[in-house]
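Peer 1: Got a structure for you, written out below as C-alpha cells; questions coming shortly.
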2 protein chains.
Amino acid sequence: MRIGELAERTGASRRLLRYYEEQGLITPERSANGYREYGEAFVDRIAQIRGLLDAGLPTRIIKQVLPCLNTPRALYFPDATPEMIATLERERDRMSDRIRCLAQNRDAISAYLDAVRDGTPPPTEAPIRTGGPVDGTAGRTGVTR
Amino acid sequence: MRIGELAERTGASRRLLRYYEEQGLITPERSANGYREYGEAFVDRIAQIRGLLDAGLPTRIIKQVLPCLNTPRALYFPDATPEMIATLERERDRMSDRIRCLAQNRDAISAYLDAVRDGTPPPTEAPIRTGGPVDGTAGRTGVTR
DNA sequence: ATTGACCTTCACACAGATGTGAGGGTTCGA
DNA sequence: TCGAACCCTCACATCTGTGTGAAGGTCAAT
C-alpha cells in the first residue's frame, strides 16, 4: 500500500510516516515512480512505534529496540554486542520503572473514581484527616451505581 | 527547604522546578525575602511528576490528575464535575494502554535477552526470512561466540 | 564592607515530535 | 487532454520540556 492508505489505517499523518523513516524506524520499498510502498506488516509496526513514542521513548531508543522485536519471532540477533545488550537491559529496566509509575497512578485514579461514584461522601461529617484511604466510612454501601 | 536542596534531592534542575510551578503543578510557599520554600512532601511530589512526564503525560494532564492523588489520601474532591470525571476516566484508560504497550515490548526485550544469553541458538536451521536484514548466510553457525 | 553562595526574574536557545504549505511529478478517469 | 487525487522533497513553524546565562537581590561568614 502507499503512504496515504497506511496513514489512514494507522492514524499517523503522512508527515509522521516520512519522519519515522527519516529516523530509521522503518524502511519501506520504493516503486519505480519513487512512491513509498508499504507491506501489511507496517500497520502493526507503526502502531508499535506510536505506542512506544506515546509512552515516552524517543525514536533513538525505539530504533535500537525494534530489531529485537521482529514480528515473525525472528530471534536471531544481527550482532548482539555487549554494548547493545547493556542498552537493552537498561531500557528494559526503564520501561519497568515507567510501568510501575503508571500503574500506581492509574490505580490511584481508579480509587478516586470509585470513591466519587459511590455517591459523593458528605464532606461535612468526618472531614477525612490524612489517615488511611477511605478510612472505613464511605465504603461500598451496597449502592450498585 | 529551598530550591537548591530540592533540586539536589530530586535530580530536577532548579529551572525545572520553577517550570513545574509555572505550569501549576506545584505551589511552594514564599519566605519573606521571596525565596521559594518547599516542604518535605515536595520530594515525593516531584518524583511523581517526573515519573509521569517520563511516561509520556504532558504537564497539562498531570495537573489535572495530581489533585486526586493528594498525599494524605485526602479523598475529598474539590469539585468532581462530570467533565473532570470523564477526563480522569479517559486518562486512566490511556495509562492502561501505555502500560500494556510497555509491558508487551519489555517482555519481548526480556525474551530476546534470555535467548541471547542462552548460548546463541543456531539460526542455520530454519533461516527465517521475512525481510530480515542479515539474510541467513553469515548467521552464528552454532559458534558459541 | 566585601565575598561567595545562595536566591529572584527574564529571555533567548535547543531538540524532538508534529503541522503546514509551496513547488512539482504521476496516474487515472471523464 | 484536462482535472482530481495521489505522491515527492524541502523548508519553515509550533509546542513542550529543558538548558543557559544575564542582571540583580539576600544572607552568612570573613
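Peer 1: Does A:Leu25 satisfy the criteria of being within 14 Å of chain B (Cβ to nearest Cβ) and either within 9 Å of DNA strand D (Cβ to nearest atom) or part of a loop (DSSP other than H, G, I, E, B) (or both)? Don't jump to the end; show me each part of the working.
Peer 2: Numbers: within 14 Å of chain B (Cβ to nearest Cβ): yes; either within 9 Å of DNA strand D (Cβ to nearest atom) or part of a loop (DSSP other than H, G, I, E, B) (or both): yes.
Here the answer is yes, as A:Leu25 does meet what is asked.
Peer 1: Another question, if that's okay. List the residue pairs whose Cβ atoms are under 6 Å apart, where the first residue sits in the stretch A:10-29 and is farther than 19 Å from A:Gly51 by Cβ, the second is at pLDDT below 95, and the two are 6 or more positions apart or on different chains.
Peer 2: Hits for this filter: zero, empty list.
Peer 1: Residue by residue through the stretch B:28-42, note down the ones that are more than 13 Å from DNA strand C (Cβ to nearest atom) and either away from every other protein chain (no Cβ under 14 Å) or assigned to a loop (DSSP other than H, G, I, E, B) (or both). Steps first, answer last, please.
Peer 2: Kept after step one, since they are more than 13 Å from DNA strand C (Cβ to nearest atom), are these residues of the stretch B:28-42: B:39-41.
Within the stretch B:28-42, B:Gly39, B:Glu40 qualify.
Peer 1: Right, something else. Residues in the stretch A:43-65: is at least one loosely packed, with under 14 Cβ neighbours inside 10 Å, at pLDDT 95 or above, within 13 Å of chain B (Cβ to nearest Cβ) and closer than 25 Å to B:Ala55 by Cβ?
Peer 2: Yes, some residue in the stretch A:43-65 is loosely packed, with under 14 Cβ neighbours inside 10 Å, at pLDDT 95 or above, within 13 Å of chain B (Cβ to nearest Cβ) and closer than 25 Å to B:Ala55 by Cβ.
Peer 1: Continuing with the same structure: Looking at (1) out of contact with any Asp or Glu (no Cβ under 9 Å at 6 or more places or on another chain); (2) open to solvent by 30 Å² or more (accessible area, probe 1.4 Å); (3) part of a helix (DSSP H, G or I), can you tell me which one B:Tyr20 breaks?
Peer 2: Every listed condition holds for B:Tyr20 apart from (2).
Peer 1: A:Ala12 passes all but one of (1) in contact with a Phe, Trp or Tyr (Cβ under 9 Å, 6 or more places away or on another chain); (2) within 13 Å of DNA strand D (Cβ to nearest atom); (3) within 11 Å of another protein chain (Cβ to nearest Cβ); which number fails?
Peer 2: All conditions are met except number (3).
Peer 1: For the stretch B:72-92, check the following and say yes or no: at least one residue is touching a Lys or Arg at 6+ places or on another chain (Cβ under 7 Å) and either of a type outside the set (A, V, I, L, M, F, W, C) or at pLDDT 95 or above (or both).
Peer 2: Yes, some residue in the stretch B:72-92 is touching a Lys or Arg at 6+ places or on another chain (Cβ under 7 Å) and either of a type outside the set (A, V, I, L, M, F, W, C) or at pLDDT 95 or above (or both).
The values are calculated or read from the model by the stated rules, or taken from the named source; none is laboratory data. As the structure is a computational prediction, the values presented were derived from the model and not from experiment. All Cβ positions, even for glycine, are placed from backbone atoms using ideal geometry, and neighbour counts span all protein chains on display. Just the protein is used for accessible areas: all its heavy atoms, side chains included, with ligands, DNA and RNA removed. Shrake-Rupley method; radii C 1.70, N 1.55, O 1.52, S 1.80 Å.
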